[in-house]
Structures are given as C-alpha cells and as structure tokens.
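Take a look at the structure below.
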Amino acid sequence: MFCTNRSRIRRGTVTVLVLTLMASALSTGVAGASRPAADKVDKAAVLRFGVPFEDQGGPFFDPNSPKATANPTPRLWLDLIYGTMIVETTDGKGAPGLATAWTAPDAQTVELTLRDGVKFSDGTPFNADAVVAAWTALINGNRPNKGTNGQSFVGVEKIADNKVRMKFNAPVAQNFINTDLKSANYLGVPSPAAAAKGNLDSAPLGAGPYLFDGYNTGKVVLKRNPDYYDKKLKTVGEIDYIDTPIGPPAVSALQAGTVDLIWSFPPDAVQTLQSSPGIEVYSAPSPRQFQLSLCPTQGVFANQKARQAMQYAIDRDAINEAALSGTGAPGTLILASNNPFYDKKLAKTVKYDPKKAKALLKEAGVAEGTKVTMLVPAQPPYDAMADVIQPQLEAVGLAPEITKTTSYATDAARLKPDMATVSLDPNLFNLVFKGENPLNFCAWNDPAVIAAMEATQDPTKSEADLKQAWADFQKIALEQSANIATNAQGVLAAYSDKVKNMTIVNAPYGPQLYGVYMTK
C-alpha cells in the first residue's frame, strides 16, 4: 500500500513517488524546475508515449474541429502545439504562459493580458487579434465537447493589442481560469494564416513548444519548436504518441521498452511495474473521485433516506485495498480531502456502518431483497470496484443487478439505472447537478443544491465567504446524497528512469509534458 508522506520508496532500481495530499490535481515538482547537475540531457531524445486514441474517436488537431470527441488524449498534443494561456503548476495557481496576467472582474467576465513579442511558428505575431479570431470562430462553430464552461463562453473582444476580455452567460469565470485556460483542448489559438487555409486538422500550427510533424494511423509525431519564446524550457527533440490500449498492453509495452511512458494502466499493475528494472512508478491523489451516482428521480433512491443509507453501506477502505491497490484515499464528501475547501469536521459525520444503512433503508420503506440496478464501465478499476461493492450492498439487504458496459454514456441514458460507478471532478459539478447527461442520467435538479454550487463559483466573494459557500455546498450535497463519494482517484504514471521532470499528471488527461526531458 502507498504511504501518504512525501517520500521515495526504493525497491531495487524502481522508485515510487508518493505525495502528501495536495490542494490540486497534480503530482510533485514544478514545471521547468532545474535538473540535478549530474543529468546529461539528451537534446535529441525521442520520448515515446503510449496512449490510447484510435479506438476512442481517433486524433484531431484543430481545437475547433467538429471531429472532436470526448477522448481526452488529444489535449496531450494540443497543449504543446498551440501553447496554453496559463501553465499548470503543482499548487494549482498556474504560471504565466501565453498570458502573463488574468483576472475575473465579475463572475461572468475574464480578462487576459497576453505575452508580448510572441510569434507563431510561421513567424506571424501572436496578439489579441489572433486570439479574438480563434475564439470567435470557436463560439460560432460547432465544436462539440467543450464542457460546461466552454458552452457558457459567449463573447470575446480586443481591449488592446495584448489584452482581451471574455464574456460568459453563467457564473463560471473563476472556474474557467482555474481549469480551461490551462489547456488548449478547445482554446488553442492557431496562426491566423494557417487557420485561413482551413486545414488545421492536417496541418496544425500554433505558438507552443512543439511543432506538429505528422500523423499516420497509430502514431502522432511532434518535434521541438526552435523558436519557442521560452528558451530556458527543457524539452526532448521529439515526442511520439503511440496508440497503446489501456491496461496490460500498455504495461507490456513499457516493460518491453517499446514506449518510455504510460499512464493509462489499472492500479493492480502497480506491483508488476514496481518489480520491473529501469521503471519508475508515480502515484498521487487528485481532486477527481470515484463515486456512486444515484438516480434520485425514480426507483429505490427517489427516497432521500435510501440515498443516505448508501453513505453508510459502502466500505471505502475495502475498495481502496481490494480494487485500487491502495492508490485511492477513502472519502465521504463531494470534495476530495486534498481540496483546500474540504470540510474535515463534516467528513467525520459519515463512516462505514451497515447497521445504520439497514435502519435507514427500513425507514425509507425499502424491503429486504429489493433489486437495485447498477451500471459499471467494463474497464479497470470500475469493474473491480463493482466486485467489492456488490457484497456490501447485499449485506444491507439489497439485491444488486450489475450491468457492465463498453458504452457507458449511451447505456446510462437508455437504462437509467438505480446507480452507476463514475469518476467525478469538481470542474464537472455543473454537469452533475444540471440537466440530463452521463453524470446525471436521471436529470435530477434541486434548486437549493444548484444555488449552493453556483455560490462557490462567484469570484467576487471574499475568501471567508467563499470558504463558507463551499462548506454549505458540501453539507447540502451530503444531505441529498445524489452522489456517494467513495475514493479519490489516484493518478498513476510509469516511465523509463531516463525520463525526468515528470511534474504534473492531470486526471483524466495524463502527464503534462511541458518541461519534460530525457537523459542519455
């Protein structure tokens, strides 16, 4: 099991990095941190990154592409080709990227100051005109899967050559700064000259640290951008993204040396990788949590007490040990324990107690042996979690009927199960509590919960008021128990010991390669 202190646990040639619970979705280190003096940087190195993308909709390279899918993998290269306004950091605050300053004057406005003197890789200037052109096309286009914040983005205007103002039709400004502006997933700004050609999906061109070199089925290639504005940034000569299925194939590819880095592997592979010479394994908690999403509008869990019973029926420690190999810190609140607004006192009000769960079910009028349908993605670790949860539900008198699916979103909408195993990030709370979607498949809406959630997204609140808003939201979410938090989703990465400065792993996107280098 992983310990929770900041340490390096060495087993032979394997190093396992483990961190204290942090107030971000991040791993250790700081982007661009100085390397040890003994490192001999291989400037011509090729980093081979094994990630799945062909069977998840295939790659796309235009941030505004109508081909964009829910597959998170393209962010891995979009961030590097186009650059990001804000560079993610381990403390979650972000560092200057293509923007040097950012602010939210109110809950529906963001203002950015752009970096002076930057040029796209074709030599044309990066400025407010380019940003306005790119984001106006995004707003007017049909790019899917922009997320809740992106759907609320309704306008952008030039204030000065190096300053733009963004407008939203919902109070998401601060959340937009904290999340979306740290990615080029849909906010990538291409060269206006390149965009005018209309072929960004085959010839993307931005102002990031890498240049697109080509795509052939199963392989995306980037090369270092020699004209990138940050001359001190450490990079590899080339990054090859190699299509590699999740799970055992990825583990085998890393062990065989056909790739240098993987991150899509189940927790049960940790011990296998730990015993492999020349491989480092990293695990850290993230704000993303595994949860049971319940259906509060019909069936068993339309009753609030029946939903609350699930808080006490689930043995989170057992899930961590048996399904997550110790990488998933148990938690009971809508926020993970590494969130700065996590309410420790409130968290202590819930604990594993099957007797209390049975009593609440009885009060709710749920008869012994009542069937509950459970939808489970047919992939690790969700399937393993379901195997642990099933006897826990049986122990409180329920009869779970489990459906494992390879098409979760479609089946959730079609079946509307009593419960489903999902993973949830705080950035997705707008989806969870508003309208019908895969995370709210029964279209549950509670005005009090929505109001409490929106209060947490108001950038005009004082620090004390914001802390209180998060406390109120956690309390009402726990009372309603539409989502039963079980465990933090630990982020995992494994890589050759020649790979250095692997500083940040974002769930569900994977390692941030900004500043990653390799030694000879």
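Any read-out appearing in this document is the output of simple, stated calculations on the displayed coordinates, not a laboratory observation. None of the values given here were measured: they were computed from a predicted structure. FYI the Cβ positions are ideal-geometry reconstructions off the backbone, even for glycines, and counts take in every protein chain you see.
Each label point was placed 7 Å from the Cα along the Cα-to-Cβ direction; for Thr519 and Asp42 their separation is 1.2 nm. Segment 316-350 and segment 368-390 have Cα centres lying 19 Å from one another. Spin-label model, Thr69 to Val154: label points 7 Å out along the Cα-to-beta-carbon direction sit 3.3 nm apart. Measuring nothing but how far apart in sequence close Cα pairs (under 8 Å, 6+ apart) lie, relative to its length, the chain scores a relative contact order of 22 percent.
Here's how it looks for Phe49: its modeled amide H is under 5 Å from those of Asp240, Tyr241, Ile242, Asp260, which are all 5 or more places away or on a different chain. Ordered by the count of other Cβ atoms within 10 Å of each Cβ, fewest first, Ser293, Ser325, Ser496, Ser462 give Ser462, Ser496, Ser325, Ser293.
If the chain linking Asp129 and Lys93 were pulled fully straight, counting 0.36 nm for each residue of separation and taking away their Cα-Cα distance, it would gain 10.3 nm.
Between Val376, Val270, Thr456, the Cα set farthest toward the positive side of the dipole of the chain (charges on each charged residue's Cβ, about the Cα centre) is that of Val270.
Among the chymotrypsin sites (Phe, Trp or Tyr not before Pro) within segment 307-402, not one is in coil by DSSP while having at most 13 neighbouring Cβ atoms inside 10 Å. Could you compute the net charge surrounding Val449? Neighbours are other residues with a C-beta less than 14 Å from the C-beta of Val449; K and R count +1, D and E count -1. Neighbourhood net charge equals -1. DSSP beta bridges confined to segment 289-488 are antiparallel in about 55 percent of cases.
Residue ranges 405-414, 482-491 sort as 482-491, 405-414 when ordered by packing (mean number of other C-beta atoms within 10 Å per residue, highest first).
Would you please name the trypsin sites (Lys or Arg not before Pro) within segment 215-256 that are DSSP coil residues with at most 15 other C-beta atoms within 10 Å of their C-beta? Counting only loop positions with at most 15 other Cβ atoms within 10 Å, the trypsin sites (Lys or Arg not before Pro) in segment 215-256 are Lys231, Lys232.
Based on DSSP H runs of at least 4 residues, each adding -39500 (n - 2.57), what is the mean residue ellipticity at 222 nm of the chain after dividing by all its residues, to the nearest 500 deg cm²/dmol? When only DSSP H runs of four or more count, the value is -7000 deg cm²/dmol. Taking the average, over residues, of other Cβ atoms within 10 Å as the packing measure, peptides 193-201, 95-103 rank 95-103, 193-201 from highest down. When both bridge partners sit in the chain, DSSP labels roughly 75% of those beta bridges antiparallel. Helix screen, the chain: no DSSP H segment has Cα axial length of 30 Å or more and mean Kyte-Doolittle hydropathy at least 0.5.
Taking the Cβ of Gly58 as the center, what net charge do the other residues with Cβ under 11 Å away carry, scoring Lys and Arg +1 and Asp and Glu -1? That sum, taken over residues with Cβ under 11 Å, equals -3.
For segment 122-263, averaging the sequence separation of C-alpha pairs within contact (under 8 Å, six or more residues apart) and dividing by the residue count gives a relative contact order of 16 percent. Look at [x] 39, 25, 22; [y] 62, 36, 19; [z] 38, 28, 21: the one that is semi-axes √(5λ) of the Cα gyration tensor in Å derived from this structure is [z]. Near Ala196, once Lys and Arg are set to +1 and Asp and Glu to -1 for all other residues with Cβ below 15 Å from its Cβ, the sum equals -3. Restricting segment 47-89 to trypsin sites (Lys or Arg not before Pro) that sit in a DSSP loop and have at most 14 other Cβ atoms within 10 Å of their own Cβ leaves Lys67.
Classification of segment 411-506 by its C-alpha gyration tensor yields an oblate form. The axis ratio a/c (a ≥ b ≥ c) is 1.5 or more, and b/c is at least a/b. Computed from the alpha carbon atoms alone, the convex hull of segment 289-488 holds 105 Å³ per residue.
Between Lys223 and Thr103, residue separation times 0.36 nm minus the direct Cα-Cα distance comes to 39.9 nm. Full extension from Lys351 to Asn199: what is 0.36 nm times the residue separation minus their Cα-Cα distance, to one decimal in nm? Length difference between fully extended and current span is 49.2 nm. Each of Thr406 and Lys232 was given a label point 7 Å from its Cα along the Cα-to-Cβ line. The distance between the two points is 5.0 nm.
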